[in-house]
Amino acid sequence: MPRTMLADLSLILPELFLTGGAVCGLLLGSYLPRRSQWLVDALAGVVCVAGVVATVVGWPNGGTTVFEGAYALDVATAVVRIVVLVSVLLVLAISGEFRGHARKSEFVVLLLLSALGTIVLAGANDLLLLVAAFLLASVPLYALTGFAKDSPGTEATMKYYLLSALAGTVMLFGVMAVFGVGGSTGYARLAETLPTTPAAAVAAGAVLVLAGPMFKAGAVPVHFWVPDVTQGARPPVSALVTTIPKIGALVAVYRLVAAVLAPTALNWPLLVAVVAAATMTLGNLAAFFQDNVRRLLAYSTISQVGYLLMAVAAAGASTLALPSLLLYLAAYAVTNLGAFAVVAALPNAETLTDYRGLVRRHPWLAISLVVCLLGLVGTPPTGVFAGKLTVFTAAFDAGFGWLVAVAIANTVASLFYYLRWIAPAVRPEPLTLPTNHGAAGAAAVAAAVSLALGPLAGLVLAPLGHPLTPLP
């Protein structure tokens, strides 16, 4: 094997750990008895911790690429690695309802493969690798959505698969169009050739390409699948689908806009800003009318994507754009998983009224719920508050004052539907629902981390202040 290939492999140890963990987990699950399936969980935990350690030890100073420029290794990829791996650990912690399940090892393997696809999606520096990562991040989720083999899960799986197949096909047409006019699939080469090609062709091709990662993120107008899949899947899978894929998808959108489309003559920041405004507004308006807690969190997720897209709109015009996106993604991932951990801790609580009296029997669970929901609003001193503040600042610096005003109005409005959940939970009335204690512990941990991220925001932003530019 050439030395250059070995050097490239040494730079992608977290991805190799996930790959090896998925393969070994599949083999272990095939031979271990059901009572020993916990070993696959332990293997996944070791893999994630090893991936975090490898990322920290090999933290990039600037940026480079591997495999002839197809995969970018920069600060964005490193942060996504850590956030995704930590999120996988939290998902494993809240998946207690699958303990002793005959196919628990399959759940873990599919989770690792989806995480791998998400990380590659964020680091893709070539359109072909972007398509491959989109598929790897999507296909395992189809199986996980219907993992319980019940009617809601089966219906959600079919909707998810069909819409994802449509988005993937549209994305492939976009790749062909961009390749046809740009003569390459590499981002660095496209950044040089696309500005001299017909603007209409570039616009059509790029919009089709963006359909893929925008679908994974759950942005308008390709958001229809989010509430149905979130409600139909089991709570641990809902937590996974509404959190982990969005991390890689939004960084992929940022990389496309900042590294490929920015040099072209079209006003891409304005287009992203309009999509951001529509996404946050529709998500918040729809959440007002939800009584099912998972559908409420699904529309909340859509609105959060709208806020996150503000950082993409500011790409290239504000030095805070990338750091704010990464900080917000990290805070959102922990906070959203914490809210879903509460849902997983009370698997029989489906509606808002089912949480009536939570504070009386499970005060720490109620506190965790309040912290996570107020965190999603952006209440200080939570991490999402720090993320929103920096994202709003980046958008304002980029000249999108009107978008900041829309985002502030949506943030204030979102408080009301979160209060619809908080109010019954803090009423001193009896609660008789069974509790998943593992998920309750994960909720408490997530709430604590969300609170800690706010005060630590300054320390987090300092090492993230690297521009994301086209890489050779």
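The values are calculated or read from the model by the stated rules, or taken from the named source; none is laboratory data. This structure is a prediction, so every number in the text was calculated from the model and none was measured. Backbone-built Cβ (ideal geometry, glycine too); neighbour counts: all protein chains shown. Heads up: the accessible areas ignore ligands, DNA and RNA and are worked out on the full protein's heavy atoms, side chains in. Shrake-Rupley method; radii C 1.70, N 1.55, O 1.52, S 1.80 Å.
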Residues of the range 180-203 classified as surrounded by 17 or more Cβ atoms within 10 Å (Cβ to Cβ), free of Cβ contacts under 8 Å to residues at least 60 places away in the same chain and outside any helix (DSSP H, G or I), total: 2
Residue in the range 259-271 that is of a type in the set (Val, Ile, Thr) and open to solvent by 20 Å² or more (accessible area, probe 1.4 Å) present: no
Enumeration of residues in the range 253-307 that are of a type in the set (Val, Ile, Thr) and free of Cβ contacts under 8 Å to residues at least 60 places away in the same chain: Val253, Val257, Val272, Val274
Single residue of the range 357-389 satisfying the filter (of a type in the set (S, T, N, Q) and open to solvent by less than 20 Å² (accessible area, probe 1.4 Å)) that is nearest to Val342 (Cα to Cα): Ser368
The range 211-243 - residue that is in contact with a Phe, Trp or Tyr (Cβ under 9 Å, 6 or more places away or on another chain), assigned to a loop (DSSP other than H, G, I, E, B) and open to solvent by less than 10 Å² (accessible area, probe 1.4 Å) and, of those, nearest to Leu90 (Cα to Cα): Thr243
Sole residue being out of contact with any Pro (no Cβ under 8 Å at 6 or more places or on another chain) and closer than 30 Å to Phe147 by Cα, chosen from Leu266, Leu282, Leu261, Leu271: Leu282
Residues being under 22 Å from Ala262 (Cα atoms) and open to solvent by less than 10 Å² (accessible area, probe 1.4 Å) - total across the range 288-321: 11
In the range 131-160, the residues that are without any contact (Cβ under 8 Å) to a residue 24 or more places away in the chain and of a type in the set (D, E, K, R): Lys149, Asp150
Single match in Gly441, Gly458 (criterion: closer than 18 Å to Ser324 by Cβ, open to solvent by 20 Å² or more (accessible area, probe 1.4 Å), at pLDDT below 80 and small (Gly, Ala, Ser)): Gly458
In the range 350-398, the residues that are aromatic (Phe, Trp, Tyr) and either touching a strand residue (DSSP E or B) at 6+ places or on another chain (Cβ under 9 Å) or in contact (Cβ under 8 Å) with a residue 24 or more places away in the chain (or both): Tyr355, Trp364, Phe385, Phe392
Failed criterion for Ala349 (all others in (1) in a loop (DSSP other than H, G, I, E, B); (2) open to solvent by 10 Å² or more (accessible area, probe 1.4 Å); (3) among the hydrophobic types (A, V, I, L, M, F, W, C); (4) within 29 Å of Ala156 (Cα to Cα) hold): (2)
Cross-chain or 6+ apart pairs with Cβ under 7 Å, the range 119-130 first and at negative phi, then crowded, with 24+ Cβ neighbours inside 10 Å and part of a loop (DSSP other than H, G, I, E, B): none
